[in-house]
Amino acid sequence: VETIQARDGVLDILALAAGGVRGQVGRPIEEISEDDWRVIFNANVDGAFYLAQAVAPVMKRRKYGRIVTISSGAGLRPSLTGIQAYSSAKHALVGLTKQLALELGPHGVTVNSIAPGFVLSNPSTQKQWESYGAEGQKRLVESIHTRRLGTAEDIANAALFFASEQAAWISGQILSVDGGRA
C-alpha cells in the first residue's frame with residue numbers, strides 16, 4: 001500500500017482474488033485437521049481482511065475507494081469441491097464484504113464481491129474438472145443456463161464494473177457470475 005501510494009500518489013481500487021483449496025480434496029469432516037482448516041481460511045479470508053485493513057485509512061482520507069473481493073459460488077451455497085473449509089471461508093469472505101460495506105460506506109468507499117461459478121483458471125480447477133470425467137463434465141455444463149464454463153474475462157469484466165463510476169451506489173453486494181447456474 002505504501003509503495004503504491006509513493007509511486008502513484010493515490011490508491012483508489014483494491015481488487016483481490018487470493019484463495020483456493022491449497023491442494024485439498026473433499027473428505028469426511030472427521031478427517032480434516034486443524035492445519036487443513038486454517039490454511040484455507042488464511043488464504044481465502046485472512047489475506048482479504050489484512051489488505052482491506054491496510055487500504056481503509058487511505059481510502060477513508062480521500063473519501064473515495066472501491067474494494068472488490070472475489071468470493072465464490074461456494075460462499076452462497078455448498079461447494080462443488082466438497083471441502084468444508086473452502087465453503088466456510090468463502091461464506092466468511094461474503095460476510096466480511098458486507099460488514100466492510102457498512103463500515104466504509106459513510107466514507108465514500110464501496111465494497112462488493114464477485115461469486116464466480118466454475119472457471120478453469122488454475123491447476124486446482126483443472127484437476128477438479130478432470131476428476132468429473134466426461135459424464136460429470138457434461139452434467140455440470142448442462143446445469144449452467146448459458147451451457148458453458150466461465151472465463152477469467154467474465155470475472156474481470158464484473159470486477160471492472162464494480163470498480164467503475166457506474167457502480168458508485170452499489171455496495172455490500174455479491175454478484176454471481178456463473179452463467180445462471182441452476
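The values are calculated or read from the model by the stated rules, or taken from the named source; none is laboratory data. Keep in mind it's a predicted model, so treat the numbers as computed, not measured. No Cβ is skipped: glycine too gets one built from the backbone with ideal geometry, and neighbour counts run over all protein chains shown. Ligands, DNA and RNA are stripped out before the accessible areas are found, and what is left, the full protein with its side chains, is counted by its heavy atoms. Shrake-Rupley method; radii C 1.70, N 1.55, O 1.52, S 1.80 Å.
Only residues that are of a type in the set (Ser, Thr, Tyr) and open to solvent by less than 60 Å² (accessible area, probe 1.4 Å) were counted across region 32-54, and they come to 1. Applying the criterion of being under 15 Å from Leu175 (Cα atoms) and polar (S, T, N, Q) to the residues of region 92-114, the residue that is surrounded by the most Cβ atoms within 10 Å (Cβ to Cβ) is Ser113.
Against the numbered list (1) buried (at least 22 other Cβ atoms within 10 Å of the Cβ); (2) at pLDDT 95 or above; (3) not charged (D, E, K, R), Pro57 comes up short only at (1).
Does region 89-111 contain at least one residue that is without any contact (Cβ under 8 Å) to a residue 40 or more places away in the chain and within 20 Å of Val25 (Cα to Cα)? Yes, the conditions are met somewhere in region 89-111. Checking each residue in region 47-90 for being under 13 Å from the mean Cα position of the chain (by Cα), of a type in the set (S, T, N, Q) and more than 21 Å from Gly105 (Cβ to Cβ) picks out Ser72, Ser87, Ser88.
State yes or no: is Thr146 surrounded by 15 or more Cβ atoms within 10 Å (Cβ to Cβ), hydroxyl-bearing (Ser, Thr, Tyr) and at negative phi? No, not satisfied.
I'd like to check something: does region 122-131 contain any residue that is more than 18 Å from Phe49 (Cβ to Cβ) and open to solvent by less than 30 Å² (accessible area, probe 1.4 Å)? Yes - at least one qualifying residue is present in region 122-131.
Just to be sure, is Ala89 open to solvent by less than 40 Å² (accessible area, probe 1.4 Å) and either part of a helix (DSSP H, G or I) or more than 19 Å from Tyr50 (Cβ to Cβ) (or both)?
Considered against the rule, which asks whether it is open to solvent by less than 40 Å² (accessible area, probe 1.4 Å) and either part of a helix (DSSP H, G or I) or more than 19 Å from Tyr50 (Cβ to Cβ) (or both), Ala89 comes out as yes.
Applying the condition of being over 12 Å from the mean Cα position of the chain (by Cα), surrounded by 16 or more Cβ atoms within 10 Å (Cβ to Cβ) and aliphatic (A, V, I, L, M) to region 4-31 and asking which residue is farthest from Gln84 (Cα to Cα) yields Leu11.
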